[in-house]
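Quick notes on the structure that follows.
The values are calculated or read from the model by the stated rules, or taken from the named source; none is laboratory data. The model shown is predicted, which means the values in this text are computed figures rather than measured ones. Neighbour counts run over all protein chains shown; Cβ positions are idealised from the backbone, glycine included. Side chains are part of the model used for accessible areas, which takes the heavy atoms of the whole protein and leaves out ligands, DNA and RNA. Shrake-Rupley method; radii C 1.70, N 1.55, O 1.52, S 1.80 Å.
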Amino acid sequence: MPRKTMVEAIRDAMDVMMGRDDNVVAFGEDVGFFGGVFRATQGLQAKYGKSRCFDAPINESGIVGAAVGMAAYGLRPCVEIQFADYMYPAYDQIVSEAARLRYRSNGQFTCPLVVRMPTGGGISGGQTHSQSPEALFTHVAGLKTVVPSNPSDAKGLLIAAIEDPDPVIFLEPKRLYNGPFDGHHDRPITPWSKHELGEVPDGHYVVPLGKAIVRRQGAALTVLAYGTMVYVGTAAVAETGVDAEIIDLRTLLPLDLETIQASVRKTGRCVIIHEATRTSGFGAELSALVQETCFYHLETPIRRVTGWDTPYPHAQEWDYFPGPARVGRALLETMEQ
Amino acid sequence: MTAQKEAESHGTLHAGGKPSVRDMFEDVYAEMPPHLRRQRQQAGV
C-alpha cells in the first residue's frame, strides 16, 4: 500500500471527492494557483479548473460566508483557513450561519460545508500560528469537529466530512503533516514513509465520524488524546512503563463516549491530554463526561495535562507544550495515588 | 542579506538570552489571577 504524508493524504481525499462529485469545490487563500501554503491543494486547480479550485482574498469571513451560500445552494465546499489562528474573523459565519442554517430554516436549507484548518503548535510558530481552538467549535451546537492523527485516518475522515450533510470543522495538526511527533523536539523526526499509519489506501474510503480508536491496549490507566498528543502520550507510556490504554478520539464531536466508558470502567484511571489551554478546554468536557458516567469505577481523580492558560509563547514553546515528561509525571502520579 | 545580518546582530531566538519560564506567565493580565498562579507553581517556576 502506498505511504503518504498527511498533506498528501488530505490532498488525495479532496482529489477523490472532486473527481466523484462536481459539486465539491475547494478554495481559500493561496489554495488555487499555489496549491496552499502547506501544499494540500497542489495540482487540484490544474486538474479540475479554476471554477472548482481557486484563490480567495485574504478575508476569512468572506471565505466561509461564500462557502455557506454555496452549501445552501447545493454545492459541497471544502475551504481552507490558512492557519486555525486566522479563523477568528470567520467565527461569526461559522457559528451564526453555518452551524444554525438547518435549525433556523426548519431543515429547508442545509450547510454541507467543510472548513479545514492547520492547528496546534510545535513548529516555532508563536502565538499566531500555534493555537488549538477546538473547544471554540465543540461548544457550538450544529458543528462537528474532527482532529485526525495520521494520514490514513485523515483521508478517510476528510472524505466522510465532505460527504456529511452538516458543517464539519476539520482541524489538521500541522506538526503531524510530515511525520508523527512525540514531543521530543530535539530528536530527528520519523517521516510517514517509515510509519505504518502512513499507509493510505487508494480511492474512496471512509473513516466514520464519531468513532474513536484504541491505539494501545492497556489495563492500568486510560489516556484520552487526539492529534499530536496521541504520540506524546505513547512516548510517555513507553518511558514510564505504565500499562496505559491510549484512545485516539479522532472526532471530538460527535464523541465516541462508548469507547471511553469501556476503557475507563476497565482501568479505573483516566488522564486527559491536549495542547490547548486548560480552562474550558475540551479536556474539561471529557473530564465531566468520565466523572458523570464512570464515577463508581474511578479509583483516582481524573487528571488533565494541557497547555497553560497563556498565549502560546514563542521563546518558551517547549515549556508550554505538554511534552512526554509532563504527561509521564501525570501518569505516575495517577498510578501512585 | 545585509539587512538580515544587521537584524541578527541584535540577537536571534537561538542566540541566548532566552526569557525564563516564569516570564511565560507574566503579562497575561495586569495582576496574575489565582488559577494562573497555580499553573505557574505546577510548572515548577
Roughly how crowded by other chains is peptide B:21-32, in terms of the mean Cβ count from those chains within 10 Å of each of its Cβ atoms?
3
Work out the length of the dipole vector of region A:187-337 about its Cα centre, built from +1 on the beta-carbon of each Lys and Arg and -1 on the beta-carbon of each Asp and Glu, and round it to the nearest 20 debye.
120 debye
Please give the calculated 222 nm ellipticity per residue for chain A, where each DSSP H segment of at least 4 residues contributes -39500 (n - 2.57) and the sum is spread over every residue; nearest 500 deg cm²/dmol?
-9500 deg cm²/dmol
If the viscosity is 0.692 mPa s and the temperature 37 °C, what translational diffusion coefficient in µm²/s does Stokes-Einstein give for the protein assembly as shown when Rh comes from Kirkwood over Cα pairs?
152 µm²/s
Evaluated at 25 °C and 0.890 mPa s, the Stokes-Einstein D of region A:69-223 based on the Kirkwood radius over Cα pairs, in µm²/s, stands at 145 µm²/s
Over the Cα atoms of region A:107-175, how large are the radius of gyration and the largest Cα-Cα distance (Dmax), in Å?
13.1, 45
Ranked by accessible surface with a 1.4 Å probe, highest first, in what order do A:Val64, B:Val21, B:Val45 come?
B:Val45, B:Val21, A:Val64
Which whole-number value in Å³ per residue fits the convex hull of the alpha carbons of region A:1-146?
122 Å³
Whole-percent carbon and sulfur contribution to the accessible surface of region A:85-144 (1.4 Å, no ligands, DNA or RNA) stands at 52 percent
How much accessible area per residue does region A:227-337 have, counting only protein heavy atoms and a probe of 1.4 Å, in square angstrom?
37 Å²
Given the protein chains as shown and a 1.4 Å probe, how many square angstrom of A:Ser51 are accessible, to the nearest 10?
90 Å²
DSSP-assigned coil residues among chymotrypsin sites (Phe, Trp or Tyr not before Pro) in region A:1-78, each with at most 16 further Cβ atoms within 10 Å
A:Phe33, A:Phe34
Considering only protein heavy atoms, with the full assembly of protein chains and a 1.4 angstrom probe, order B:Met32, A:Met1, A:Met14 by accessible area, largest first.
A:Met1, B:Met32, A:Met14
Could you tell me, in Å, what Rg and Dmax come out for the Cα atoms of region A:207-337?
13.7, 43
Each residue of region A:192-197 in order: what ³J(HN,Hα) in whole Hz does its phi give by Karplus 6.51 cos²θ - 1.76 cosθ + 1.60, θ = phi - 60°, with x for Gly and Pro?
4, 5, 10, 10, 5, 6
Env charge @ A:Ser124, Cβ radius under 15 Å, K,R +1 / D,E -1, value -2
So the B/A interface buries, both sides summed and with a 1.4 Å probe, an accessible area in Å² (nearest 100) of 1100 Å²
